[in-house]
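First comes the structure, then the notes that go with it.
The values are calculated or read from the model by the stated rules, or taken from the named source; none is laboratory data. Fair warning: this is a prediction, and the values are worked out from it, not measured in the lab. No Cβ is skipped: glycine too gets one built from the backbone with ideal geometry, and neighbour counts run over all protein chains shown.
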Amino acid sequence: MKGKVLKFTGNTENLFTQSNTNRFDALTALVSLGFDKKSAEKVLERIDTGDLNVEQLIKEALRLL
């Protein structure tokens, strides 16, 4: 078995950065409010600079949707 398992040599940083988590939470909230997932994703992609919290992302997205 030793030779059969590949060793993971990639970067072991957390794949879910705070920005990605905030964007996911904002997307979930917008979809829960009845907005189309694709439209919400496009808006969030456009406005997410990485420094906005979830509440700010949702407010800005609501303004643009």
Worksheet item: Within the group Lys7, Lys59, which residue is at pLDDT 95 or above and either out of contact with any Pro (no Cβ under 7 Å at 6 or more places or on another chain) or in a helix (DSSP H, G or I) (or both)?
Response: Lys59
Worksheet, complete the sentence: For segment 20-33, pairs from a residue that is closer than 17 Å to Leu64 by Cβ to a residue that is part of a helix (DSSP H, G or I) and not aliphatic (A, V, I, L, M), with Cβ under 8 Å and 6 or more apart or across chains, are Leu27/Lys37; Leu27/Glu41; Val31/Lys37
